[in-house]
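Worksheet: the structure to be examined is printed underneath.
The values are calculated or read from the model by the stated rules, or taken from the named source; none is laboratory data. Predicted, not measured: the structure shown is a model, and the values here were computed from it. Cβ: placed from backbone, ideal geometry, glycine included. Neighbour counts: every protein chain shown. Note: accessible area is taken over every heavy atom of the protein model, side chains too, but ligands, DNA and RNA are not part of it. Shrake-Rupley method; radii C 1.70, N 1.55, O 1.52, S 1.80 Å.
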Amino acid sequence: DTNGGNYRTLHNFGVEVNNGNSPQGSLTISGGVLYGMTQMGGSLSSGTVFAINTDGTGFHLVHSFTGVGTDGGAPYGSLLLLNTTLYGMTANGGANNVGAIFSVDTSGSGFQILHSFAIGDAWRPVGDLTLFTSVLYGMTQNGGANGLGFGTIFQINPDGSGYQILHTFLFANPSNLTDGSTPFGSLMVSGSQLYGMTYFGGSAKNSGSVFSFNPTAGGGG
């Protein structure tokens, strides 16, 4: 409770194939059901999407990642729920084994890879997807236009179409101190702006930055 009383453990993760371990990110709630992800565990120890009721009952795996080209592996972030569809990202797996964007119904059906990241493009997302004006936005820790740069901001439609890189972080000390480098977290929406942070870059101190980004109506900032 908010007063500190009635503390209890709802679920213990483990190494069983029908369980997950090493949860990452945050929980998402809908109708008394909590949804989340674990970095490892599941049938091939490549991570899971799980569901559990708020009273601790009903734990089950919605999806067990396999890490192969048609699946993801090692999710770090949280899930986004639109109607009955969960959206998320993995840091491994996908066609090039450097991460993917996926969707899956809360029932576990309809799993699909919406986009596979690539080293010649952008790769290794470790945050969440953010919905803004019916478009999904996110960041990758590495890559950018032509595979160059130190991370990206990208957009993609919920059906998997319209993927494009909107910003490539190009911090270079001392020649370019006006950008960030290596985003680790997620984007937040406020008004018409997206806000985020980078782990490196920002100034000659190379110790990170807080930034804002304004996607235009046609996409891009």
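Its convex hull of Cα atoms gives the stretch 2-148 a direction-averaged projected area, equal to a quarter of the hull surface, of 9.6 nm².
Selection among Ser116, Ser203, Gly25 by position relative to the dipole of the chain gives Ser203 as farthest towards the positive end (Cβ unit charges, Cα centre).
Treat the stretch 70-186 as a sphere of radius equal to its Kirkwood radius over Cα pairs and apply Stokes-Einstein at 10 °C in a medium of 1.306 mPa s; give the translational diffusion coefficient in µm²/s, rounded to a whole number.
Working: Rh = 14.1 Å.
The diffusion coefficient I find is 113 µm²/s.
The separation of the stretch 65-126 from the stretch 188-209, counted between C-alpha centres, amounts to 24 Å. The charge dipole of the chain, taken about its Cα centre with unit charges on the Cβ atoms of Lys, Arg (+1), Asp and Glu (-1) only, comes to about 360 debye. Here the accessible area of the chain is 52 percent carbon and sulfur, with a 1.4 angstrom probe and all protein chains present.
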